Amino acid sequence: HNAAALYAHVDILAALQVALTKGEYARLPSKGTKNLEAYLQVLQANRFMRAFNKESLALARQYAEEAIALDPGYFAGYAALAGVILNETTIGIDTLPKAEALQQALELSQKALALNPSSYTHGNLTFVYMFQLNPEKALLEAEQAVALGPNSAFAYYAMGSALFSS
């Protein structure tokens, strides 16, 4: 698949993800921090991230960065910021050259994974590898996501996305 086709499919899958994982997204960020404000910032980042427009993604970025500042040991802040970067790349917001932005998303996702090796963080890393056009690594991460979260809609979303892009 070429990059344009991949981004079009990611848009469609992202719309489906909102319906499938709304409850999951609300529960997940509460794990990994005792800082209520950091948790609330991640919830806001995730809320604005799904809007897929420049203004909402700017707000999502701000909330994710605030969550990281409030609790640098909280995996969900890094995962949210990585998601913002991928969404910015999808709609063509160039805060950095694309390769640098994807490298930054990779580093943030790896940091989230190191802090919380979970179904969610493996699923998050799946999408970074898809955007880097590395289907083998994307599939490996998706397999880990499903293995760790056999009841997770997000894990199966990551797996379906990885299989589709390979």
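Is it true that some residue in the range 53-62 is touching a helix residue (DSSP H, G or I) at 6+ places or on another chain (Cβ under 8 Å) and within 23 Å of Gln144 (Cβ to Cβ)? No, the conditions are met nowhere in the range 53-62. Within the range 92-112, the set of residues being at pLDDT below 90 and among the hydrophobic types (A, V, I, L, M, F, W, C) comprises Ile93, Leu96. Looking at the range 40-72 only, could you name the residues that are in a helix (DSSP H, G or I), without any contact (Cβ under 8 Å) to a residue 12 or more places away in the chain and either buried (at least 21 other Cβ atoms within 10 Å of the Cβ) or among the aliphatic types (A, V, I, L, M) (or both)? Scanning the range 40-72 gives Leu40, Ala58, Ala69. Residue pairs whose Cβ atoms lie under 9 Å apart, sitting 6 or more positions apart in sequence or on different chains, and linking a residue in the range 107-124 that is more than 16 Å from Ala162 (Cα to Cα) to a partner that is surrounded by fewer than 19 Cβ atoms within 10 Å (Cβ to Cβ), are Leu115/Gly73; Asn116/Lys31; Pro117/Leu148; Ser118/Lys31; Ser118/Leu148.
The values are calculated or read from the model by the stated rules, or taken from the named source; none is laboratory data. Here the structure is a predicted model, which is why all the values come from computation and not from measurement. When we count neighbours, we look across all protein chains shown, and the Cβ atoms used for this are built from the backbone with ideal geometry, even at glycine.
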